[in-house]
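K.L.:
Pasting a structure here, questions to come.
The values are calculated or read from the model by the stated rules, or taken from the named source; none is laboratory data. Keep in mind it's a predicted model, so treat the numbers as computed, not measured. Here the Cβ positions follow ideal geometry from the backbone for every residue, glycine too, while neighbour counts run over all protein chains shown. Just so you know, the surface numbers come from the protein's heavy atoms only, side chains and all, with ligands and any DNA or RNA stripped out. Shrake-Rupley method; radii C 1.70, N 1.55, O 1.52, S 1.80 Å.
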Amino acid sequence: GGTTEGQNAVTLDGVNVADAGGGGHWLLPSIQWMDVIEVGGLGANAEYGGYTGGMINGVTKSGGNKLSGDVELYYQPSSWVADNTPETPDDTFKFSNVAVNVGGPFIKDKLWFFVGAEYWRLETTPLGAEDTSDRKIPRFLGKVSWQLDPKNKLMFMAEYDKVVHDRRGIGEFVLAEASSKQRSPGATFALHWESLVDDNNFVSAKLTGYDGRDDYLPFNGENTPGRIDDANTGIA
């Protein structure tokens, strides 16, 4: 829609997971969990509302009659990254990502499950910083789908993720003790019932919600205020 993130609708299995205060995305689901990613704009179906830009809905996997899964591993050590600042030989850039997903049947043609887990980590040294910025995101998802009869289906999904970011904001003019510890857990759930009326009509009902917080704590102790030294000339 050519507008800002805060004016978009961001949903997961139909759950509005946008930041209620800022309007941007709040939860951080894994791309490996997605079966379909729907993108639309103004004029989309009635179930998508509360936006003036674009609509992005992630539909998570549900499993099936065949047990299947996958494991993904990404690893990038500092020794694999070119250094264009040789005057600072201690620069760090480490990235790793491990994801495990499994789906299959509890009861064939009746009850299916999908579970996924991922651990994402990026550790870098910002230009001129005395220490690293260390960001970690563990995240988990579970989903159960139940075909009650040929016309009725019930689905339940629960998701949890957490941003753990140590020394956030550290830089050339921000010391480690002036940086933050970010602790941002978030969780969502969706209970969804669908019923076919006829070949052209269906009824859908959802009970959904999410919860989370975004805390920035002083890195040098929760009861100690942080500080910023500007070029060692004083405290700002």
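K.L.:
Need the full-extension length gain, Val164 to Ser195, defined as separation in residues times 0.36 nm minus the C-alpha distance. One decimal, nm.
P.N.:
Values: separation 31, 0.36 × 31 = 11.16 nm, distance 4.08 nm.
Stretched out fully, the Val164 to Ser195 stretch lengthens by 7.1 nm.
K.L.:
Based only on Cα atoms, what mean projected area does the convex hull of the stretch 118-211 have, in nm²?
P.N.:
If I average the Cα hull's projected area over directions, I get 8.5 nm².
K.L.:
For the peptides 186-196, 160-170, 66-76, what is the packing order when you average, over each peptide's residues, the other Cβ atoms within 10 Å and list the highest mean first? Numbers along the way, then the final one.
P.N.:
Numbers: 186-196: 17.2, 160-170: 19.5, 66-76: 10.8.
Going from most to least packed, we get 160-170, 186-196, 66-76.
K.L.:
Work through the residues other than Val102 whose Cβ is under 12 Å from its Cβ and net out their charges, Lys, Arg +1 and Asp, Glu -1.
P.N.:
+2
K.L.:
Related question: Per 0.36 nm of contour for each residue apart, how much would the distance between Ser96 and Glu172 grow if the chain were fully extended, relative to their Cα-Cα spacing?
P.N.:
Contour length minus Cα-Cα distance gives 24.8 nm.
K.L.:
Taking the Cα centre of each part, how many Å lie between the stretch 34-60 and the stretch 5-20?
P.N.:
9 Å
K.L.:
What distance in nm separates the two pseudo spin-label positions at Met34 and Lys108, each 7 Å out from Cα along the beta-carbon direction?
P.N.:
In this crude spin-label approximation the distance works out to 3.3 nm.
K.L.:
Report the Rg/Rh value for the stretch 81-157, based on alpha-carbon coordinates and the Kirkwood definition of Rh.
P.N.:
Ratio of gyration radius to Kirkwood radius: 1.35.
K.L.:
Still on this model: Taking the Cα centre of the chain as origin and charging only Cβ (+1 Lys, Arg; -1 Asp, Glu), how large is the dipole, in debye to the nearest 20? Let's see the in-between values first.
P.N.:
On the way: 20 positive and 33 negative charges, 194 e Å.
With Lys and Arg at +1 and Asp and Glu at -1, about 940 debye.
K.L.:
At 7 Å along the Cα-to-beta-carbon direction for both Ala187 and Leu42, put a label point, then send me their distance in nm to one decimal.
P.N.:
Result for the modelled spin labels: 3.9 nm.
K.L.:
What does the charge count near Leu73 come to, summing +1 for each Lys or Arg and -1 for each Asp or Glu among other residues with Cβ under 15 Å from its Cβ?
P.N.:
Residues close to Leu73 contribute a combined charge of -1.
K.L.:
Just the projected area, averaged over all directions, of the convex hull on the alpha carbon atoms of the chain: how many nm²?
P.N.:
Its average projected convex-hull area is 17.1 nm².
K.L.:
Give the residues of the stretch 176-196 whose amide nitrogen is closer than 16 Å to a point set 7 Å from the Cα of Glu130 in the direction of its Cβ.
P.N.:
Only 176-180 pass the distance filter.
K.L.:
Over 22 Å between C-alpha atoms is what I'm after, so list which of Lys94/Lys181; Lys66/Lys136; Lys61/Lys181 land there.
P.N.:
Check vs 22 Å cut-off fails for Lys66/Lys136; Lys61/Lys181.
K.L.:
Per residue, how much accessible area does the chain have with a 1.4 Å probe, in Å²?
P.N.:
On the way: 13640 Å² over 236 residues.
Computed with neighbouring chains in place, this is 58 Å² per residue.
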